[in-house]
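The values are calculated or read from the model by the stated rules, or taken from the named source; none is laboratory data. Everything numeric in this text was worked out from a predicted model, so none of it was measured. Note that each Cβ is placed from the backbone with ideal geometry, even for glycine, and that neighbours are counted across all protein chains shown.
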Amino acid sequence: MSGLETHSLYALPIPQCRMEEILEQRAHELGVDIRRGHEMVALRQDADAVIVDVASPAGSYQLTSRFLVGADGGSSAVRKLSGIGFPGITDDSFVGRTGQVAIPPPVSDPETGELDVPGLGRLRPASFTRTENGLFAYGMFQPGVYRVAVFEWDQPKLDDSDSITIDELREAVRRVLGSDIPIAELPAGIPVVMSRSTSSNSRQADRYRAGRVFLVGDAAHVHSGVGGPGLNLGMQDVMNLAWKLAAELAGHAPEGLLDTYEIERRPVGERVIMHTRAQTALLSPGAYITALRQLLGELLHEKNNVQHLSDLLSGADVHYDMRTEGEAHPLTGRWMPDLALESEGGPTRIAELMRSARPLLLDLANRADLRKVVADWTDRVDVVAADSVEQLADVVLIRPDGYVAWAAGPETSDATDGLRHALTTWFGPPV
């Protein structure tokens, strides 16, 4: 993708334990009550509320709320207790082994993390090496500590395990790569992580909402982790639903706003499942797959194809129907680019302006006529006038989840009516 002018596919190598620390700290700052060791064992709902039964170390109790969001993973109790189906497939055609190990020099380069494997050459971290015998992948998350994964197809049936031996992992690597890597145990004090998996699920909830209950993240969809799309997918579920729930609780949500959560997000989940299944197929062994990879490699010499796949894998191709009146601006329904801006308060960026989690009307062309329209919505919509080198539109109305609800250029006709319609459609009636 280095030949593209811009693309959104990149990774932030933050360990999950650190990510959880950051999120927990932020949750405490916002006054969130986090209860560990408490399990929801039953739920029911009526026209006004959801009631859940909870088992805790101190005994059982009930909680009542207007809405319930199930963010409880692929084996979601919320999904099961709500009677929401989870159709899909379970692929048990392979055996996967992973381990956290040491790989000493000269095979490893402690600075770059690259491996120099006899017969294969140099392998880069976070890349996939496919052979006719299977798949090898690895990463270095701290100097000298490697997470190794190896997958084999058409193997004897085995059970899942969280305690395989380092010899089992080492032999699987030898079979796949056709070469020995000096995998060794880590020094004392570094956690030993060795596991074997024999299946992968690819499933999606048949609905994301059951009355006052909603599903987000892995509770709504599970898929292969290849390409790492799950974090973006789950976080955007949350961002899409959260502001709509907030509007409902605040009493100014337009009718049907909560229904748009499933309308917008379920098709996105379907596309992620589609492309992760395709990637998984392309990683499997066999002459037919090798030929398909060669053909796909030729197609990737075309810049438009590379851009298409980059947008697909990163989620940058998401396009919501914003139910606009008349012809929609090209930005409408798409993720708002993080433009650099000059405002009265000095230099800033779109991301900084969105930290309030409120809708934003961004005026890039001194359109006082359109700023005036928003006067009846300023209790829930922020207005900022700014300049940008990249003036993609005159005025942009951005939802709290970062997607453009409406935009206008100098050629847009009936912009006043269009803006008023968008404000009413997404943020409720005027004051």
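Here are the numbers for this structure:
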read-out: Options R79, R97; residue that is closer than 21 Å to H223 by Cα, touching a residue at least 24 places away in the same chain (Cβ under 8 Å) and in the same structural domain as R147 (by TED's automatic domain parsing); value: R97
read-out: Evaluation of G225 against (1) over 30 Å from R358 (Cβ atoms); (2) touching a helix residue (DSSP H, G or I) at 6+ places or on another chain (Cβ under 6 Å); (3) not assigned by TED's automatic domain parsing to the domain that holds P156 (one fails), failing number; value: (2)
read-out: Strands (runs of 3 or more DSSP E) contained in the stretch 107-158 and holding at least 2 residues in contact with a helix residue (DSSP H, G or I) (Cβ under 9 Å, 6 or more places away or on another chain) and hydroxyl-bearing (S, T, Y); value: 128-131
read-out: Spans of strands (runs of 3 or more DSSP E) in the stretch 318-431 with at least 2 residues among the acidic types (D, E) and free of Cβ contacts under 8 Å to residues at least 60 places away in the same chain; value: 382-387
read-out: Residue list for the stretch 140-153, restricted to those being over 17 Å from D91 (Cα atoms) and either of a type in the set (F, W, Y) or at pLDDT 90 or above (or both); value: F141, Y146, R147, V148, A149
read-out: Residues being touching a strand residue (DSSP E or B) at 6+ places or on another chain (Cβ under 7 Å) and in contact (Cβ under 8 Å) with a residue 24 or more places away in the chain - total across the stretch 44-66; value: 3
read-out: Criterion (aliphatic (A, V, I, L, M) and either touching a strand residue (DSSP E or B) at 6+ places or on another chain (Cβ under 6 Å) or in contact (Cβ under 8 Å) with a residue 40 or more places away in the chain (or both)) met by exactly one of V32, V41; value: V41
read-out: When residues of the stretch 247-287 are limited to those that are in a loop (DSSP other than H, G, I, E, B) and in contact (Cβ under 8 Å) with a residue 40 or more places away in the chain, the one nearest to H221 (Cα to Cα); value: L258
read-out: Which listed residue is touching a Phe, Trp or Tyr at 6+ places or on another chain (Cβ under 7 Å) and charged (D, E, K, R), from R349, R355, R399; value: R399
read-out: P104, sole failed condition from (1) under 23 Å from G227 (Cα atoms); (2) more than 32 Å from the chain's Cα centre (by Cα); value: (1)
read-out: Residue within the stretch 208-224 that is at pLDDT below 95, assigned to a loop (DSSP other than H, G, I, E, B) and not small (G, A, S) present; value: no
read-out: Within the stretch 112-157, tally of residues that are more than 20 Å from S200 (Cα to Cα), hydrophobic (A, V, I, L, M, F, W, C) and more than 24 Å from the chain's Cα centre (by Cα); value: 5
read-out: Meets criteria (surrounded by 12 or more Cβ atoms within 10 Å (Cβ to Cβ), under 26 Å from M235 (Cβ atoms), hydrophobic (A, V, I, L, M, F, W, C) and touching a strand residue (DSSP E or B) at 6+ places or on another chain (Cβ under 6 Å)) for L313; value: no
read-out: Count of the stretch 171-199 residues which are assigned to a helix (DSSP H, G or I) and not charged (D, E, K, R); value: 4
read-out: Output for the stretch 123-177, where each listed residue is basic (K, R), in contact (Cβ under 8 Å) with a residue 24 or more places away in the chain and more than 14 Å from T280 (Cα to Cα); value: R147, K157, R175
read-out: Tally of residues being crowded, with 16+ Cβ neighbours inside 10 Å and not hydrophobic (A, V, I, L, M, F, W, C) across the stretch 110-138; value: 8
read-out: Boolean, A291 is in contact (Cβ under 8 Å) with a residue 12 or more places away in the chain and over 20 Å from the mean Cα position of the chain (by Cα); value: no
read-out: Of all residues in the stretch 313-367 being farther than 25 Å from D417 by Cβ, over 21 Å from the mean Cα position of the chain (by Cα) and acidic (D, E), the one that is modelled with the highest pLDDT; value: E342
read-out: Any hit, the stretch 45-62, residues being farther than 21 Å from G230 by Cα, buried (at least 17 other Cβ atoms within 10 Å of the Cβ) and not polar (S, T, N, Q); value: yes
